[in-house]
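Below is one structure; the comments refer to it alone.
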Amino acid sequence: MPKKSLKKPIIPFQKKVFDIVKKIPRGKTLAYKKVAELAGSPNAYRAIGNILNKNKNNKIPCHRVIMLNGRIGGYNKGIKRKIFLLKKEGIKIK
DNA sequence: CGTATGACGTGCA
DNA sequence: GTGCACGCCATAC
């Protein structure tokens with residue numbers, strides 16, 4: 001087992017975000033701020049959107065991440081796509 | 001290292 | 001309820 005680095009985790013904030021978003025159950029939504037909180041930085045909600053947007057990773061239900069306001073926010077694949085997916089899961093969009 | 005960017009959140013008019 | 005400005009943090013260059 002490789003020794004654990006005593007320094008800060010080499011794992012980028014991105015990885016934590018993905019891990020959390022991946023755990024979002026179908027039909028449920030999670031706010032960016034909430035994800036940041038679970039990631040360990042309740043004030044990094046800004047970075048959350050930044051990371052997801054750049055990653056374009058289809059491995060995570062990033063469409064389930066919305067604003068606390070209940071808005072959609074955005075989607076690098078197209079905001080329309082996000083609305084469609086959420087609506088399909090039974091989530092209403094304002 | 002400093003600047004710029006971005007799928008946010010909050011406060012106030 | 002809506003719109004605007006500011007602040008916040010991580011990442012890219």
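In segment A:54-80, the residue that is modelled with the lowest pLDDT out of those that are within 10 Å of DNA strand C (Cβ to nearest atom) and assigned to a helix (DSSP H, G or I) is A:ASN55.
Quick grid of which residues meet (1) within 16 Å of A:GLU89 (Cα to Cα); (2) at pLDDT 90 or above; (3) of a type in the set (Asp, Glu); (4) more than 10 Å from DNA strand B (Cβ to nearest atom):
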site	(1), (2), (3), (4)
A:LYS23	yes, yes, no, yes
A:GLY27	yes, no, no, yes
A:LEU30	yes, yes, no, no
A:VAL35	no, yes, no, no
A:SER41	no, yes, no, yes
A:TYR45	no, yes, no, no
A:ILE51	no, yes, no, no
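All conditions but one from (1) surrounded by fewer than 18 Cβ atoms within 10 Å (Cβ to Cβ); (2) closer than 16 Å to A:ILE20 by Cβ apply to A:LEU52; the one that does not is (1).
The values are calculated or read from the model by the stated rules, or taken from the named source; none is laboratory data. Just so it is clear, the structure is predicted and the values come from calculations on it, not from any experiment. Cβ: placed from backbone, ideal geometry, glycine included. Neighbour counts: every protein chain shown.
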